[in-house]
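Just below is one structure, and these are the notes that go with it.
The values are calculated or read from the model by the stated rules, or taken from the named source; none is laboratory data. Here the structure is a predicted model, which is why all the values come from computation and not from measurement. Here Cβ is always computed from backbone atoms with ideal geometry, including for glycine, and neighbour counts include all displayed protein chains. Accessible surface areas use protein heavy atoms only, side chains included; no ligands, DNA or RNA. Shrake-Rupley method; radii C 1.70, N 1.55, O 1.52, S 1.80 Å.
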There are 2 protein chains.
Amino acid sequence: MSSPSPRGFRSRTAAWGIKDDADDFTVVLSEVPAVASAVFTQSRFVGPSVTLGRESMATGTARGVVVIARNANVATGAEGMANAMEVRATVAKAAGIPPEELLIASTGVIGRQYPMDRVRSGLAELKWPLPAVDLAAAAKAIMTTDTVAKHVALPCGAATVGAIAKGVGMIEPNMATLLVFFFTDAQLDQPVLDQIFRRVVDRTFNALSIDTDTSTSDTAAILANGLAGPVDEAEFEVVLYQAALQLVRRIASDGEGASKLIEVRVVGARDDAQAKRVGKTVVNSPLVKTAVHGADPNWGRVAMAIGKCEDDLDIDPANVAIRFGDVETYPTPATDEVLAAATAHLKGSEIVITIELGIAAGEFTVYGCDLTDGYIRINADYTT
Amino acid sequence: MSSPSPRGFRSRTAAWGIKDDADDFTVVLSEVPAVASAVFTQSRFVGPSVTLGRESMATGTARGVVVIARNANVATGAEGMANAMEVRATVAKAAGIPPEELLIASTGVIGRQYPMDRVRSGLAELKWPLPAVDLAAAAKAIMTTDTVAKHVALPCGAATVGAIAKGVGMIEPNMATLLVFFFTDAQLDQPVLDQIFRRVVDRTFNALSIDTDTSTSDTAAILANGLAGPVDEAEFEVVLYQAALQLVRRIASDGEGASKLIEVRVVGARDDAQAKRVGKTVVNSPLVKTAVHGADPNWGRVAMAIGKCEDDLDIDPANVAIRFGDVETYPTPATDEVLAAATAHLKGSEIVITIELGIAAGEFTVYGCDLTDGYIRINADYTT
C-alpha cells in the first residue's frame, strides 16, 4: 500500500502552534552516519538556518534535519541565531549526535522571532525514540502555502530514494521557500554523491521558476546512509533525477494560484547555458504566463520574450521556430486553423512550449506555471 | 487654456480602422530641418520600424514621425518591411522630404501584416498641409492599452519642450510598447542634444519597469528644430528631465491594471549602477508588487528582493535600512505601531520605498506599479 521507504531513517512531526494548529515541526534522522550534500539559496539576506547549514555541510556528513514551518527566522539578528542554535542543540542532544550533524531549516514570515515559549515546550514534549520514517507526514508538516504535500520514493536496485519537498522554486522561488530533502539507503562515496546531486539539482530545481523571487531560505539536501549497500552510480543518478523531476513538476503545478504547468523546451542553442537563459526568460515572462492562463496562442509574446536576451547576438528571428505542443506557430503562418490547434493544447493542464533557436545543439528544459488572479489574491492578502 | 506648443511643428491624426474606429494614425512634422536623437529597444526580435529608425537616425537629423497603432508590424518578414517602407515613402513624398528623414513607429499585435488596403486609402485621403501640432490629439492616437493620453509641454527660456508618450516601460516595457517623442523649438547642436537626451532617458524611461517584459518596438526620440533660438544647455536638460519624469510617472500610474505608482529610491550604494540594479530588483518583484497592492507593510519581501542581488557581495543586511514613506521598518523593530504607520502610507496612490545600503554614495530611483487582478485580466483575455 504505502511506498517503500529508505532503510534506517526515522521521523516525527508535531504541532507546536507556531501560527495555527497544523503540524509545524519535523525531524528526520538516520540511525547511522550518512554522507550528505546540500545546496542553499544565493540570497544576500540569509538567516541563521542557512548560515548554520552551510557551516555544518563542510564535513560532507549529516545525521538528519529539523524543520520549523510558518516562521523563516530571517532578519532576526543575534537573538534569531541563538534560537536556531538552541533548537538544533536540544534535538541533537536528545538524539545523541553532535549539533553540527543536524541541518535546520525554516520557512514562513520574515523578521519575527520564533515563539520560544512554544518551541521550548514542544522540544520538551518530543517523544524518543522516533518511529520509522513517514515521508507523507513529514511532507505535510513542512508545507506553508502549498496546497498538496509533495513526497516521492523510488527504488534503485536494492536501495530506495525518498524525498520530501515544499514551496515553489529554487534559484527563483516564491517566498514560501523551497525546501527539499532526499533520504536514501544507497551507499555512495560523498564526492560522488555530491557531484550527482549538484548535476541533478541543476537540471531540476534550478530549472524551476514560479515568480522570479528568490527566497532567503531555500535548501536542498540529500542524506545517504548506505544501509542498502552499493548501487550503480549511473542508475542512481537517473533515479534521483526522476524523483527530483516528479517533485519539480508537482511544485510547478502547485505554484501559488497556478492552474497550469508550463514546460519550456529550448533546443538548437549555442550551448546549454544559452538554452537555459532563453527558457528562463520565456517561463518568467508575465505576458507569456498570462497568455497561457487565458489559453491564448499569443506566440508573439514568446517571440518578445526570446528577444529580451539582448546579449545573445546569435539569436536571429529568421532561424527561430516556436511551437505550442506539436503546433508550430512561427515561422509557419499562424492561420486560424493553426491558432485553433494551439489553443486546444493551451486548454490542457500541462503546456509545452518548444523553442528551436537554429544555432547549434545546446538544449535545456525549464518548468514554471501560469500567472492568475489566485496569485494576486494569495500575495496581496498575505499578512505580515 | 491650452499648453504652449513648440514652434514650427504640425500634426494630423486619423482613424484608418486598423483594429477599431479610434484614431490609429499619427504624423508629426517639423516645418524646417531639425536635429534629432533616438534610442530603440534592445530586443533581438525587432521589426521594420525599429530597423528603419536605427538606419535613418545615423544622420542625426529628422523631420518627423509617423505612428501606426494597433499593429506592431513585427515578425512580418519581407512583406512587413516593404509595407513599412511604402508608408514612410508615401508620407515623405507628400511632405516633400526624403523618406530617411521620417521615423516610423508601430505598436500593437505581433505577427500580423498591416491591412494595406485600409492603410493605402488612409494615406490617399490624408489632407495637406497639416495644421499646427496638437499634442493632445497625437498622444491619444498612439494609445493602445493606455487608459489616459500622456503629453506634456514645458517652457525652457523662449523655447518649449513638448512630448507625447504611450505604453508602459522602456528597457522592460509591456508589449503595449513604449513610444515617446519629444518636439522642441530649442536650438541645440546635435551632439549636445544627443548626450542630454541619453542622460535624461537613462534616469527616466530606463528607470521604469511595469512588468519586466521588453517590447520589440520601443522607441524614444527627440526633434529640435531651433526656431526659438539657443537655450541654456543646463536649463534645457533640467526641463527635459522634468518633462520625461512627468511622463514616466503617468506611464507607471497607468501600468496595465495598476492602482498605485511605486517609486523605489536606493541610496548609499557602491555606485549608481548598483543602486539601479537593486532598485529594479525590488520594483520588479511580484511579491513586493502584490504586497503594495494589498497595502501590506511586508518589508521582509523588500529584504528578500534586495537579497536577490547575489553578486553584490558588499550588500550586508547589517548595514541595510528599509523605509515605506518616512517609516523605517528595518532595522527599527517593526512594532504594531510602526506597521500601522507603514500601512497608512501604503494605502496612498504614490508609494515610496527607500533602501539605504550603507556602502557609499551611489543612488538611483526607479519607477513601477503594483500587480493586480486587473493585469491578469487584461493580459489573459487579450486575444491574438
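Quick look at the values:
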read-out: Filter result (open to solvent by 10 Å² or more (accessible area, probe 1.4 Å) and hydrophobic (A, V, I, L, M, F, W, C)) within the stretch A:177-197; value: A:LEU188, A:VAL192
read-out: Search result, residues across the stretch A:360-384 that are hydrophobic (A, V, I, L, M, F, W, C), over 23 Å from A:VAL248 (Cα atoms) and within 12 Å of chain B (Cβ to nearest Cβ); value: A:ALA380
read-out: Contacts under 8 angstrom Cβ, first residue in the stretch A:4-30 being on the phi > 0 side of the Ramachandran plot, partner outside any strand (DSSP E or B), 6 or more apart; value: A:GLY8/A:GLU31; A:GLY8/A:VAL32; A:GLY8/A:ASP185; A:GLY8/A:ASN225; A:GLY8/A:LEU227; A:GLY17/A:ASP24; A:GLY17/A:PRO115; A:GLY17/A:ARG118
read-out: Residue check, B:ALA275 modelled with pLDDT under 95, hydrophobic (A, V, I, L, M, F, W, C) and either in a helix (DSSP H, G or I) or touching a strand residue (DSSP E or B) at 6+ places or on another chain (Cβ under 7 Å) (or both); value: no
read-out: Test result for B:ALA340, away from chain A (no Cβ under 11 Å), aliphatic (A, V, I, L, M) and without any contact (Cβ under 8 Å) to a residue 24 or more places away in the chain; value: yes
read-out: Residue list for the stretch A:82-117, restricted to those being closer than 19 Å to A:LEU223 by Cβ, charged (D, E, K, R) and open to solvent by 60 Å² or more (accessible area, probe 1.4 Å); value: A:GLU100
read-out: Residue that is farthest from B:LEU227 (Cα to Cα) [pool: residues in the stretch B:7-35 that are under 21 Å from the mean Cα position of the chain (by Cα) and open to solvent by less than 20 Å² (accessible area, probe 1.4 Å)]; value: B:ASP24
read-out: Residue count for the stretch B:335-364, restricted to those that are among the hydroxyl-bearing types (Ser, Thr, Tyr) and under 24 Å from B:LEU313 (Cβ atoms); value: 1
read-out: Residues within the stretch A:334-352 that are more than 27 Å from the chain's Cα centre (by Cα) and open to solvent by 10 Å² or more (accessible area, probe 1.4 Å), tallied; value: 10
read-out: Residues that are aromatic (Phe, Trp, Tyr) and touching a helix residue (DSSP H, G or I) at 6+ places or on another chain (Cβ under 6 Å), drawn from the stretch A:212-270; value: A:TYR241
read-out: Single residue of the stretch B:41-76 satisfying the filter (more than 18 Å from B:ASP24 (Cβ to Cβ) and among the polar types (S, T, N, Q)) that is farthest from the chain's Cα centre (by Cα); value: B:THR59
read-out: Pair list, Cβ < 8 Å and 6+ apart or interchain, from the stretch B:37-54 residues that are within 11 Å of chain A (Cβ to nearest Cβ) to residues that are surrounded by 23 or more Cβ atoms within 10 Å (Cβ to Cβ) and of a type in the set (Lys, Arg); value: B:SER43/A:LYS308; B:ARG44/A:LYS308
read-out: Number of the condition not met by B:ILE164 [criteria: (1) assigned to a strand (DSSP E or B); (2) open to solvent by 30 Å² or more (accessible area, probe 1.4 Å); (3) out of contact with any Pro (no Cβ under 9 Å at 6 or more places or on another chain)]; value: (2)
read-out: Residue within the stretch A:200-213 that is basic (Lys, Arg), away from chain B (no Cβ under 14 Å) and assigned to a helix (DSSP H, G or I) present; value: yes
read-out: Qualifying position, being within 14 Å of another protein chain (Cβ to nearest Cβ), open to solvent by less than 10 Å² (accessible area, probe 1.4 Å) and either basic (Lys, Arg) or within 29 Å of B:VAL46 (Cβ to Cβ) (or both), among B:GLY279, B:GLY307, B:GLY255; value: B:GLY255
read-out: Qualifying residue in the stretch A:167-175 (condition: crowded, with 20+ Cβ neighbours inside 10 Å and either among the polar types (S, T, N, Q) or under 20 Å from A:PHE9 (Cβ atoms) (or both)); value: yes
read-out: Residues within the stretch B:210-236 that are surrounded by fewer than 18 Cβ atoms within 10 Å (Cβ to Cβ) and under 22 Å from B:GLY279 (Cβ atoms), tallied; value: 0
read-out: Candidates A:PRO317, A:PRO297, A:PRO331 - the one that is surrounded by fewer than 19 Cβ atoms within 10 Å (Cβ to Cβ) and either polar (S, T, N, Q) or within 11 Å of chain B (Cβ to nearest Cβ) (or both); value: A:PRO331
read-out: Qualifying position, being in a helix (DSSP H, G or I), in contact with a Gly (Cβ under 7 Å, 6 or more places away or on another chain) and modelled with pLDDT of 95 or more, among A:ARG118, A:ARG88; value: A:ARG118
read-out: Residue ID - nearest to the other protein chains (Cβ to nearest Cβ), chosen from residues in the stretch A:105-122 that are in contact (Cβ under 8 Å) with a residue 40 or more places away in the chain and more than 17 Å from A:ASP23 (Cβ to Cβ); value: A:ILE110
